[in-house]
Protein chains: 2
Amino acid sequence: MTQPRPHVVIIGGGFGGLEAAKSLAKAPVDITLIDKTNHHLFQPLLYQVATAGLAAPAIAAPTRSLFRHQANLTTLLAEVVDINPQDKKVHLSDGTALVFDHLIVAAGATHSYFGHDEWSAFAPGLKTLEDAFEIRRKVLFAFESAEKEPDPEKRQNWLTLCVIGAGPTGVEMAGAFAEIARQTLVGEFRRINPHDARILLIEGGPRVLQAMPETLSQKALQQLQKLGVEVRLNAIVTGIDATGLQVRGPAPAGVVGTVDYRIASQCVVWAAGVAASGLGRVLAQHTGCQTDRAGRVVVNADLTLPGYAHVSVIGDLAAAMSHRPGKPPAPVPGVSPGAKQMGRWAARNILHRIAGEPTQAFRYADYGNLATIGHNSAVVDLSTPFGPLRFSGRWAWWFWLLAHIYFLIGFRNRLVVLMDWGSAYLSFSRNARVVAGTLDKPVTHVGES
Amino acid sequence: MTQPRPHVVIIGGGFGGLEAAKSLAKAPVDITLIDKTNHHLFQPLLYQVATAGLAAPAIAAPTRSLFRHQANLTTLLAEVVDINPQDKKVHLSDGTALVFDHLIVAAGATHSYFGHDEWSAFAPGLKTLEDAFEIRRKVLFAFESAEKEPDPEKRQNWLTLCVIGAGPTGVEMAGAFAEIARQTLVGEFRRINPHDARILLIEGGPRVLQAMPETLSQKALQQLQKLGVEVRLNAIVTGIDATGLQVRGPAPAGVVGTVDYRIASQCVVWAAGVAASGLGRVLAQHTGCQTDRAGRVVVNADLTLPGYAHVSVIGDLAAAMSHRPGKPPAPVPGVSPGAKQMGRWAARNILHRIAGEPTQAFRYADYGNLATIGHNSAVVDLSTPFGPLRFSGRWAWWFWLLAHIYFLIGFRNRLVVLMDWGSAYLSFSRNARVVAGTLDKPVTHVGES
């Protein structure tokens, strides 16, 4: 009689969960990979779907299809509502439960409105394909509504596009909005001039791309301004409603201090806050584990849940530290290479445990950081053995493009993305300017994208 | 002082409206093209979006962008709620109105449940991108739900896919469903075998593709059966609910007469009935014009509304006749070449009227008819000067493919479609198997697909 093989359950088919699953392809374990959606999403390009540059299938691959040839893995389209580390059980929303021997929780993050969830109705964030379609709809229909609006003031409110938060996603979206207004739509309207659109990027901190070195933040700011984006730094959003937002920020030149003012806008997008998946709170309730301010689970050096060696937490849900020999522990940044590396590491530690070997403390390999602003415009900060390599502008953009296409999952998608960008690069057109549903009636039941 | 140019309003950006607008590009008129959505849809390939073969942007182009260079045309994203031919006014849902000198109503058709609108909740039809996403979701999630279902009977209900109506759309969808089950999904599930899926095509009439000659209907039937589709002819659907459908049809072999029976199915798609846009009824209320059983407006020989020479009705909304010299008038079939030709004809007649010339009776040029069933499988019925040319199978499929790609609007889309099909042809994969939203919670506000 053969011993049943250990059952590894992985929650989440993002970068972390996917890498963990792939790392266990040859291991003597049975894996169940659970995801709420039917696809793995290449998050770094999601803003392109939101800004009508790419179709959804170009950046999303069916999870089930990715693991077609991995015989030890079962994909399950399901939502996890509870995790009981003591009983080793994962409970699904349909009332069923799975029993695991090892668990990897890679449920990721969602957007946070800093306690103002009522803002979400007016300022969608960008985490899922649904979010991307909603933003695409909002931006494209803002121009359509402006075209129909006879009142000049109301028309300008439609043409005022606000992005809140100047991290990588906010910078990318503001840059793309500027390109839509200044290039893509030129000549297509008869009553408005899309050029009249104002794109505002509102950031609470003192600079854009705060994870980048200050010189590159400065470069990014210049590139944004060159595209026509108005960047407001040290500006705190204190309210958002159906007709605009309330901001507290530096007074105009010549006036000392801080002022409160209103920006009238019918198109606001949220790129400011990130909160860990609610499963972090669930784990804390069951085990008393610590979570940080963003709701991330504070994990052991080997990425396991304190007191529960058979449960690992990785990716955006984990407040993890990198333990490089001879260096003080450093927090792992919330980027896709971090999630992927944690996925591989957690998988390896499970194999160590099965083999009765000690697990190892996570070491994050930092290859650098990059962000794009628009056509021919990006900033790159690479970590090399010879020290940092920093550049911006056209070369940085090509580097960003090739890196992203290289990492896109699935040969066909890379080709489609390359083609779409090839044509967009030459023509400034955007090939996915398609909105399902009408102006009056948003879609209520939908399957894509 | 210059005389104001005549204002031509076109309602609908489908094949008919688009052709009418393009035909007036050089004419001394001002055109307003009104559509509910922001895109022109290449309807003949919509079933490919529904069956996850193509992404939405591959078959949809922003209407505004198509007319970027036509300076005499304004695109308006708006819904028409009333047409007053006497006042020459078109009323929009936002309360505003447009005054026209000439009007072309090309509002198309929607699906008809023959008085059973309550069926629409269980059996979506296929007319818009939203419909396509809903069907994609239904079909892909049926397999996902089957994978999770422990009860064998319930599992088989998820794996029973029903298509109602064996016109071109029904045949295409049934064929595509069979390919998804027998080819695309093979090897991706661990608990179910997608091969166990039953695909039923239920047709009230005595044969599939009734617009085709009988020999080709027979060929299509054979090709469907070869793909594993169970075709039920002379079978009338008498009820649809959340768990299946009620059918009245021929008794099984050996038994004489008709029986009532139930098919348990969690995935039903409607391809049976077509009804003209509600604007047909609006016109009838205002003018007392005749409409036929499908709600189409009975038009004059020159496609104008009886008694209103400045209003033309074309495409799927028109019950129009073709007037070939020396032949009796013949009804124009509800196909895209019909709509396109009517669009050009109505535009030309408007120019005749402006020039004070008599308008001309519509003549439909019938080039034939074609339908696809699946990979390498189609039927073609061409009208040539030497008589009909009919063929089926592999050659017909290639002919169908090239014809559709040729007519797809926009160079880039053709290339993307070709590429997607190239890879699908070689691998049997489907590249758009992406569903936004989760199993439990369908999307509520969405901008694409």
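Observations, loosely collected:
- Comparison of B:Glu153, B:Glu134 shows that the only residue that is out of contact with any strand residue (DSSP E or B) (no Cβ under 9 Å at 6 or more places or on another chain) and either under 24 Å from B:Leu41 (Cβ atoms) or not in a loop (DSSP other than H, G, I, E, B) (or both) is B:Glu134.
- Selected residue [at pLDDT below 95 and either out of contact with any Ser or Thr (no Cβ under 8 Å at 6 or more places or on another chain) or assigned by TED's automatic domain parsing to the domain that holds A:Gly17 (or both)] from A:Ser336, A:Ser322: A:Ser336
Rundown of residues vs (1) assigned by TED's automatic domain parsing to the domain that holds A:Arg155; (2) outside any strand (DSSP E or B); (3) of a type outside the set (Asp, Glu); (4) within 22 Å of A:Pro194 (Cβ to Cβ), yes/no style:
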position: A:Leu216; (1), (2), (3), (4): yes, yes, yes, no
position: A:Lys219; (1), (2), (3), (4): yes, yes, yes, no
position: A:Leu224; (1), (2), (3), (4): yes, yes, yes, yes
position: A:Glu230; (1), (2), (3), (4): yes, no, no, yes
position: A:Gly239; (1), (2), (3), (4): yes, no, yes, no
position: A:Val247; (1), (2), (3), (4): yes, no, yes, no
position: A:Pro252; (1), (2), (3), (4): yes, yes, yes, no
position: A:Val255; (1), (2), (3), (4): yes, yes, yes, no
position: A:Tyr261; (1), (2), (3), (4): yes, no, yes, no
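- Residues that are more than 23 Å from B:Gly244 (Cβ to Cβ) and free of Cβ contacts under 8 Å to residues at least 12 places away in the same chain within segment B:187-213 comprise B:Gly187, B:Glu188, listed in sequence order.
- Failed criterion for B:Ser322 (all others in (1) surrounded by fewer than 19 Cβ atoms within 10 Å (Cβ to Cβ); (2) out of contact with any helix residue (DSSP H, G or I) (no Cβ under 8 Å at 6 or more places or on another chain) hold): (1)
Here's the yes/no breakdown for (1) at pLDDT below 90; (2) assigned to a helix (DSSP H, G or I); (3) charged (D, E, K, R); (4) closer than 27 Å to A:Lys36 by Cβ:
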| position | (1), (2), (3), (4) |
| --- | --- |
| B:Ala371 | no, no, no, no |
| B:Val380 | no, no, no, no |
| B:Trp395 | no, yes, no, no |
| B:Arg414 | yes, yes, yes, no |
| B:Leu426 | yes, yes, no, no |
| B:Val435 | yes, no, no, yes |
| B:Lys441 | yes, no, yes, yes |
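- Hey, B:Glu172 within 30 Å of B:Asn234 (Cβ to Cβ), in contact (Cβ under 8 Å) with a residue 60 or more places away in the chain, away from chain A (no Cβ under 14 Å) and out of contact with any helix residue (DSSP H, G or I) (no Cβ under 8 Å at 6 or more places or on another chain) or not: no
- When segment A:43-93 is limited to residues that are at the interface with chain B (Cβ under 8 Å from one of its Cβ atoms) and of a type in the set (S, T, N, Q), the one that is surrounded by the most Cβ atoms within 10 Å (Cβ to Cβ) turns out to be A:Thr75.
- Residue list for segment A:285-299, restricted to those being buried (at least 19 other Cβ atoms within 10 Å of the Cβ) and assigned to a loop (DSSP other than H, G, I, E, B): A:Cys289, A:Gly295, A:Arg296, A:Val299
- Residue within segment A:11-31 that is within 11 Å of chain B (Cβ to nearest Cβ), crowded, with 24+ Cβ neighbours inside 10 Å and either within 24 Å of B:Leu185 (Cβ to Cβ) or at pLDDT below 95 (or both) present: yes
- The criterion of at least 3 residues that are β-branched (Val, Ile, Thr) is met, among strands (runs of 3 or more DSSP E) falling completely within segment A:1-103, by A:7-11, A:30-35, A:80-84.
- Odd one out for A:Glu172 among (1) buried (at least 24 other Cβ atoms within 10 Å of the Cβ); (2) outside any helix (DSSP H, G or I); (3) touching a Phe, Trp or Tyr at 6+ places or on another chain (Cβ under 6 Å); (4) not β-branched (Val, Ile, Thr): (2)
- Flag for B:Val237 being touching a strand residue (DSSP E or B) at 6+ places or on another chain (Cβ under 6 Å), over 18 Å from B:Glu172 (Cβ atoms) and surrounded by 23 or more Cβ atoms within 10 Å (Cβ to Cβ): yes
- In the set (1) assigned to a loop (DSSP other than H, G, I, E, B); (2) crowded, with 16+ Cβ neighbours inside 10 Å; (3) at negative phi, A:Val282 fails one condition alone, (1).
The values are calculated or read from the model by the stated rules, or taken from the named source; none is laboratory data. On a predicted model such as this, the values are computed, not experimentally measured, just so you know. For neighbour counting, all protein chains shown are included, and Cβ atoms are generated from backbone atoms with ideal geometry for every residue, glycine included.
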